[in-house]
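Student: Structure provided below as structure tokens; questions to follow.
The values are calculated or read from the model by the stated rules, or taken from the named source; none is laboratory data. Quick caveat, the model's predicted, so the values are computed rather than measured. Glycine also receives a Cβ, built like all others from the backbone with ideal geometry; neighbour counts cover every protein chain displayed. SASA here: full protein model, heavy atoms, side chains in, ligands and nucleic acids out. Shrake-Rupley method; radii C 1.70, N 1.55, O 1.52, S 1.80 Å.
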Amino acid sequence: MRLATFLTRVEQSGGLRPEIAQRAAQATLRTLAERITGGEARDIALFLPRELRPLLEETPEQAEGFDLDEFLRRVAKRAGVDEETALRHARAVFAALGDAVTPGELHDMVAQLPRDYEPLLASARVGRRRAMEADDLAGRVAELGGLDREAAARALDAVLETLAVRLSAGEVEDLAGELPGTVRPTLRRGLAERRAATAMTADEFVGRVAARERVDRDVAERHVRTVFAVLREALSEAEWEDLEAQLSHDYEPLLALGAR
């Protein structure tokens, strides 16, 4: 991304003048570099305009563990504004990061930031995503579906594998970029079943999940609803919308937020 494009996004998101947007970007990125590890900061820098990369590259390897309030104090001091204005500036910069950085790399950044950073993460369109390890993804399925962990893991695998058969290869790759790495083999197994998206109704989808899990259809349908609810939490809003767009209208009852 070019510098002018990045700064225009900051301007538009925050309603800022060009010179203010540049100060906001510098203050926020330098503070972000202090809050995440040096390796992650350098990874994010690769997606940014070359003029801004030193702000993230020239940083210690060890992350400082400060909260959002301290983050905003540092941004405010660097930008010469009050903390309320610093929040608006930081959110504008995170919105630009959401455009510039790939979903997978944003996911890695989210994993290093605590929950109180939600106002900034939401601006980057990753606020709804839970930074989950694979067992946490299955654990959330267990929590929502009232299942033990082993049953939740089987349900998660069955739905993801079937979903990888149903979606286009490009969309499956996008999902793999946002979900924990250890579920990617499951997605690849689904991809191996076909070379193009396989049209299937919602009823056929549930039937395939039932066969994979070796459970009856009513149980499989509950599991599908639960896994989709967890995916809705785990994925960015843009990625969830892309997933929905590839599914026909008869999937709507399965995609309704929350397990039934």
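Student: Mind checking whether some residue in region 43-58 is under 22 Å from the mean Cα position of the chain (by Cα) and either closer than 17 Å to residue 80 by Cα or touching a residue at least 60 places away in the same chain (Cβ under 8 Å) (or both)?
Tutor: yes
Student: Can you tell me which residues in region 238-255 are among the hydroxyl-bearing types (Ser, Thr, Tyr) and either touching a His at 6+ places or on another chain (Cβ under 6 Å) or in a helix (DSSP H, G or I) (or both)? Can you show your working first?
Tutor: Going through region 238-255, the residues among the hydroxyl-bearing types (Ser, Thr, Tyr) turn out to be 248, 251.
Passing the criteria: only 251.
Student: Let me ask something else about it. Restricting attention to region 17-35, which residues are of a type outside the set (Gly, Ala, Ser) and crowded, with 21+ Cβ neighbours inside 10 Å? Before the answer, list the steps.
Tutor: Taking region 17-35 first, the residues of a type outside the set (Gly, Ala, Ser) are 17-20, 22-23, 26, 28-32, 34-35.
Once the filter is applied, which keeps residues that are of a type outside the set (Gly, Ala, Ser) and crowded, with 21+ Cβ neighbours inside 10 Å, region 17-35 yields 28, 29, 31, 32, 35.
Student: How do the helices (runs of 4 or more DSSP H) wholly within region 42-147 filter down when requiring 3 or more residues that are open to solvent by 10 Å² or more (accessible area, probe 1.4 Å) and within 24 Å of residue 241 (Cβ to Cβ): which remain? I'd like the intermediate steps shown before the answer.
Tutor: Numbers: elements: 53-57, 68-79, 83-100, 103-110, 118-123, 134-145.
In region 42-147, the matching helices (runs of 4 or more DSSP H) lie at 83-100, 103-110, 118-123, 134-145.
Student: I'd like to verify a number: residues in region 142-158 that are among the acidic types (Asp, Glu) and under 11 Å from residue 220 (Cα atoms), how many?
Tutor: Going residue by residue through region 142-158, those that are among the acidic types (Asp, Glu) are 143, 148, 150, 157.
Subsequent filtering for residues that are under 11 Å from residue 220 (Cα atoms) retains none.
Within region 142-158, residues that are among the acidic types (Asp, Glu) and under 11 Å from residue 220 (Cα atoms) number 0.
Student: Going by the conditions given, is residue 154 touching an Asp or Glu at 6+ places or on another chain (Cβ under 6 Å), in a helix (DSSP H, G or I) and under 22 Å from residue 104 (Cβ atoms)? Give the steps one after another, and end with the answer.
Tutor: Details: touching an Asp or Glu at 6+ places or on another chain (Cβ under 6 Å): yes; in a helix (DSSP H, G or I): yes; under 22 Å from residue 104 (Cβ atoms): no.
It is false that residue 154 is touching an Asp or Glu at 6+ places or on another chain (Cβ under 6 Å), in a helix (DSSP H, G or I) and under 22 Å from residue 104 (Cβ atoms).
Student: How many residues does region 159-181 contain that are among the acidic types (Asp, Glu) and either within 17 Å of residue 221 (Cα to Cα) or surrounded by fewer than 19 Cβ atoms within 10 Å (Cβ to Cβ) (or both)? I'd like the intermediate steps shown before the answer.
Tutor: Taking region 159-181 and keeping what is among the acidic types (Asp, Glu), we get 161, 171, 173-174, 178.
Filter once more, keeping what is either within 17 Å of residue 221 (Cα to Cα) or surrounded by fewer than 19 Cβ atoms within 10 Å (Cβ to Cβ) (or both): 161, 171, 173.
Residues meeting the conditions: 3.
Student: Taking the criterion of being touching a Ser or Thr at 6+ places or on another chain (Cβ under 6 Å) and farther than 18 Å from residue 123 by Cα, would at least one residue in region 36-45 satisfy it? So that I can check it myself, show each step before the final result.
Tutor: First, the residues of region 36-45 that are touching a Ser or Thr at 6+ places or on another chain (Cβ under 6 Å): 38, 41.
Keeping just the survivors that are farther than 18 Å from residue 123 by Cα gives 38, 41.
The answer is yes; a qualifying residue exists.
Student: Separate question: Pull up region 191-243, narrow it to residues that are of a type in the set (Gly, Ala, Ser) and farther than 29 Å from residue 111 by Cβ, then point me to the one that is surrounded by the most Cβ atoms within 10 Å (Cβ to Cβ).
Tutor: 220
Student: Same structure again: Just need a number here: residues in region 26-46 that are of a type outside the set (S, T, N, Q) and farther than 18 Å from residue 90 by Cβ.
Tutor: Going through region 26-46, the residues of a type outside the set (S, T, N, Q) turn out to be 27, 29-30, 32-36, 38-46.
Still in the running and farther than 18 Å from residue 90 by Cβ: 38-39, 42-43, 46.
Final tally of qualifying residues: 5.
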